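Worksheet: one structure, shown below.
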């Protein structure tokens, strides 16, 4: 469709047509656990609640707390409840955002602006970013004129402490750590990094977008969890997604700060606009009220016992998958997962050919490089998937052992969660730009 239809389409027909597109376009069957990322599903009853609440606040705009004070209440209480999970002892603060990327962007902007005020001698602000950190940190650097200093990983996929110390300079404003990192599911040594940041008087941002709503409940279940939150001296900000393991509606995340002074650097204020005083706490102007209200409703309806139960189920799925993968000849798990992220590969079969066979069986398989591997994020909804997935995985590996696929790795690369062929010139930046352009084309 390239233009608005001349006459509106009947509601029933429109809904039927849109539902059909899910099949016609090949959307992943997340409800039956056939995908291993992007969707965090706590069951149909919980989803209906989120839909009802979102509809209740569908029209409201979180930009104005005076027009919609109920949204102000919800956001303030969501922030407070999460801080209680993240080791806050008093004085810590935060805001909700539209997603993990916005949370990270705001934190990096805050460090930059804080340095402009408190350390004017910094003329080329640097952030130390582990190679496993989310690309949102690179986006923040591009947006805000920061220099990223890549930090290599150790043999267990954690950020290298030695490399961190070697790279701290008089221009460093922040060090980044993950809890856990997306590619490998391991938590960086945040306590030790915190000691370095305090010694050098720089910030420490912990990206807990994946783990912020799960690791505290793993701890309640008796699992040993590396310290990662405000209980660690030196941690000055944290990002945590509600629409992942908080089981809220998209898009809902939050960013938290050790002090209100640091948080104020993320605000935008315009006091001389003819339209009146303008103040915005986050990057967005209009903020969907439904996402804020649904986040509050998710936390209130599930409660600590509900989150603990969901964490227990996710943990069981993870343990079952790990045990099954380790019994399959030819496969190896990379690292020791601290949460529900599993990556595995092989020294004897082409792991991407294995992934292709799984795709052909109706799974949506995420692939990664360095090392070549399959990437899974286990959720409670995957309890139904463990046995059929492991069965198909073993069959795919056995087929590759019997009849290996000729590798074409030098012309294949990994998009974020998918596979695509790369042109012979290997210009990955240009390839990605063209791929994004194609996504906006209409036949």
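Only a single criterion out of (1) touching a strand residue (DSSP E or B) at 6+ places or on another chain (Cβ under 7 Å); (2) modelled with pLDDT of 95 or more; (3) farther than 23 Å from residue 134 by Cβ is not satisfied by residue 411, namely (2).
Take the conditions under 21 Å from residue 37 (Cβ atoms), under 19 Å from the mean Cα position of the chain (by Cα), in a helix (DSSP H, G or I) and not assigned by TED's automatic domain parsing to the domain that holds residue 372 and apply them to residue 157. Does it pass? It is false that residue 157 is under 21 Å from residue 37 (Cβ atoms), under 19 Å from the mean Cα position of the chain (by Cα), in a helix (DSSP H, G or I) and not assigned by TED's automatic domain parsing to the domain that holds residue 372. Exactly one residue out of 276, 234 is touching a helix residue (DSSP H, G or I) at 6+ places or on another chain (Cβ under 6 Å), farther than 20 Å from residue 134 by Cβ, surrounded by fewer than 24 Cβ atoms within 10 Å (Cβ to Cβ) and assigned by TED's automatic domain parsing to the domain that holds residue 191: that is 234.
Residue-wise test of (1) closer than 23 Å to residue 244 by Cα; (2) assigned to a loop (DSSP other than H, G, I, E, B); (3) modelled with pLDDT of 95 or more.
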site	(1), (2), (3)
14	no, no, no
18	no, no, no
22	yes, no, no
67	no, yes, no
78	yes, no, yes
82	yes, no, yes
106	yes, no, yes
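This table checks each residue for (1) over 23 Å from residue 67 (Cα atoms); (2) surrounded by 17 or more Cβ atoms within 10 Å (Cβ to Cβ); (3) within 18 Å of the chain's Cα centre (by Cα).
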{"position": "228", "(1), (2), (3)": "yes, yes, yes"}
{"position": "246", "(1), (2), (3)": "yes, yes, yes"}
{"position": "253", "(1), (2), (3)": "no, yes, yes"}
{"position": "270", "(1), (2), (3)": "no, no, no"}
{"position": "312", "(1), (2), (3)": "yes, no, no"}
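Only residues that are out of contact with any helix residue (DSSP H, G or I) (no Cβ under 8 Å at 6 or more places or on another chain) and either under 13 Å from residue 185 (Cβ atoms) or touching a residue at least 60 places away in the same chain (Cβ under 8 Å) (or both) were counted across the stretch 205-228, and they come to 3. Listed by first and then second residue, the pairs linking a residue in the stretch 39-62 that is at positive phi and modelled with pLDDT of 95 or more to a residue that is buried (at least 16 other Cβ atoms within 10 Å of the Cβ) and assigned to a loop (DSSP other than H, G, I, E, B), with Cβ atoms under 8 Å apart and 6 or more places separating them unless they lie on different chains, form an empty list. Between 378, 293, the distinction of being surrounded by 22 or more Cβ atoms within 10 Å (Cβ to Cβ) and under 30 Å from residue 157 (Cα atoms) belongs to 378 only. Note on the stretch 31-53: residues that are farther than 16 Å from residue 241 by Cα and surrounded by fewer than 20 Cβ atoms within 10 Å (Cβ to Cβ) amount to 12.
Yes or no, residue by residue, for (1) in contact (Cβ under 8 Å) with a residue 40 or more places away in the chain; (2) in contact with a strand residue (DSSP E or B) (Cβ under 6 Å, 6 or more places away or on another chain):
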site: 288; (1), (2): yes, no
site: 299; (1), (2): yes, no
site: 312; (1), (2): yes, no
site: 327; (1), (2): no, no
site: 331; (1), (2): yes, yes
site: 343; (1), (2): yes, yes
site: 353; (1), (2): yes, no
site: 357; (1), (2): yes, no
site: 368; (1), (2): yes, yes
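Please work out which residue is nearest to the chain's Cα centre (by Cα), limiting yourself to the stretch 86-101 and to residues that are outside any strand (DSSP E or B) and buried (at least 23 other Cβ atoms within 10 Å of the Cβ). Among residues in the stretch 86-101 that are outside any strand (DSSP E or B) and buried (at least 23 other Cβ atoms within 10 Å of the Cβ), the one nearest to the chain's Cα centre (by Cα) is 100.
The values are calculated or read from the model by the stated rules, or taken from the named source; none is laboratory data. Remember, predicted model here, so these are calculated numbers, not experimental data. Ideal geometry is used to build each Cβ from the backbone, glycine not excepted, and the neighbour counts take in all protein chains shown.
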